[in-house]
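Enquirer: I have a structure here, written as structure tokens, and I will follow up with some questions on it.
The values are calculated or read from the model by the stated rules, or taken from the named source; none is laboratory data. These numbers were taken from a predicted model, which means no experiment stands behind them. Ideal geometry is used to build each Cβ from the backbone, glycine not excepted, and the neighbour counts take in all protein chains shown.
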Amino acid sequence: MPKSLTQISWRWLLVGALVALVAVAVACGDDDDDDGDASPTVAETGAPTDGVVAPCEDGPGVTGLLDDLKIGVLVPFTGALATFGPEYENAARLAAKCINDAGGVNGGAVEIVTGDTATAAEQGVSEATRLVDVESVVGIVGAASSAVTLAVAESVTGPGQVLHISPASTSPALSAAADDDFLFRTPISDAAQ
């Protein structure tokens with residue numbers, strides 16, 4: 001159960017900011033080099049080799065004033081949409097790194113915990129349940145598939161009153177989900193296209 005309305009508000013703001021950063025990072029990614037320009041190598045840029053870029057800006061770092069925040073990220077590491085999984089994970093980790101490098105949220109670090117949906121609703125529900133019940137995440141970002149997002153919202157995040165934001169799901173069915181108004185999405189619904 002949430003401790004106070006203030007904690008709920010800043011957590012929602014944090015998760016919303018994290019989702020916005022994930023969406024921007026994924027949208028700005030370049031998945032090919034067909035334009036003829038060679039991308040700089042790690043040796044040329046000095047970028048870390050773990051797939052996450054260097055800090056966004058200098059800051060005090062995390063000061064430990066509040067508890068760390070765990071954000072669950074449901075991604076398809078396997079299944080039909082597996083090619084997108086690592087990109088979503090990297091975007092979430094980049095957003096958390098930027099937040100943490102700037103001092104965190106009220107001194108608490110943001111921690112990303114991932115779950116593999118396998119692009120399947122049953123697996124997504126299982127992973128979301130693990131993220132909420134075992135990992136104690138305060139919110140979930142994902143999934144890449146509308147069917148997985150809908151199943152998670154109606155089975156886990158809605159009933160558990162856990163904030164759930166999807167950066168990719170576009171099905172009109174999400175607008176009528178039985179999610180107790182805890183599901184948000186950043187892309188426009190297919191109904192508008």
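Enquirer: I'd like to check something: does region 98-109 contain any residue that is modelled with pLDDT of 95 or more and within 20 Å of residue 156 (Cβ to Cβ)?
Expert: no
Enquirer: Examine region 85-105 for a residue that is more than 22 Å from residue 67 (Cα to Cα), outside any strand (DSSP E or B), of a type outside the set (Phe, Trp, Tyr) and in contact with a helix residue (DSSP H, G or I) (Cβ under 7 Å, 6 or more places away or on another chain), and state whether such a residue exists.
Expert: Applying the first criterion (more than 22 Å from residue 67 (Cα to Cα)) to region 85-105 yields 85-91.
When the remaining residues are screened for being outside any strand (DSSP E or B), the result is 85-91.
Remaining after also requiring of a type outside the set (Phe, Trp, Tyr): 85-87, 89-91.
Pick out the ones that are also in contact with a helix residue (DSSP H, G or I) (Cβ under 7 Å, 6 or more places away or on another chain) and you get 87, 91.
Checked region 85-105: at least one residue is more than 22 Å from residue 67 (Cα to Cα), outside any strand (DSSP E or B), of a type outside the set (Phe, Trp, Tyr) and in contact with a helix residue (DSSP H, G or I) (Cβ under 7 Å, 6 or more places away or on another chain).
Enquirer: Can you name the condition, by its number, that residue 81 falls short on among (1) surrounded by 23 or more Cβ atoms within 10 Å (Cβ to Cβ); (2) at pLDDT 95 or above; (3) of a type in the set (A, V, I, L, M, F, W, C)?
Expert: (1)
Enquirer: Turning to a different aspect of this structure: Only one of 115, 124 is in a helix (DSSP H, G or I), modelled with pLDDT of 95 or more and within 17 Å of residue 84 (Cα to Cα). Can you tell me which?
Expert: Working: 115 fails: in a helix (DSSP H, G or I).
Testing whether each residue is in a helix (DSSP H, G or I), modelled with pLDDT of 95 or more and within 17 Å of residue 84 (Cα to Cα) leaves just 124.
Enquirer: Just to check your reading of the model, which residue among 92, 143, 102, 151 is of a type in the set (A, V, I, L, M) and farther than 16 Å from residue 76 by Cα? Give the steps one after another, and end with the answer.
Expert: On the way: 92 fails: farther than 16 Å from residue 76 by Cα; 143 fails: farther than 16 Å from residue 76 by Cα; 151 fails: farther than 16 Å from residue 76 by Cα.
It is 102.
Enquirer: A further question follows. Could you check residue 157 against (1) closer than 17 Å to residue 69 by Cβ; (2) more than 16 Å from the chain's Cα centre (by Cα); (3) free of Cβ contacts under 8 Å to residues at least 40 places away in the same chain and say which number it fails?
Expert: Going through the list (1) closer than 17 Å to residue 69 by Cβ; (2) more than 16 Å from the chain's Cα centre (by Cα); (3) free of Cβ contacts under 8 Å to residues at least 40 places away in the same chain, residue 157 breaks only (2).
Enquirer: Take residue 169 and decide whether it is among the polar types (S, T, N, Q) and buried (at least 19 other Cβ atoms within 10 Å of the Cβ). So that I can check it myself, show each step before the final result.
Expert: On the way: among the polar types (S, T, N, Q): yes; buried (at least 19 other Cβ atoms within 10 Å of the Cβ): yes.
Yes.
Here's the yes/no breakdown for (1) farther than 20 Å from residue 92 by Cβ; (2) in contact (Cβ under 8 Å) with a residue 60 or more places away in the chain:
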| position | (1), (2) |
| --- | --- |
| 108 | no, no |
| 116 | no, no |
| 139 | no, yes |
| 147 | yes, no |
| 167 | no, yes |
| 172 | yes, no |
| 177 | yes, no |
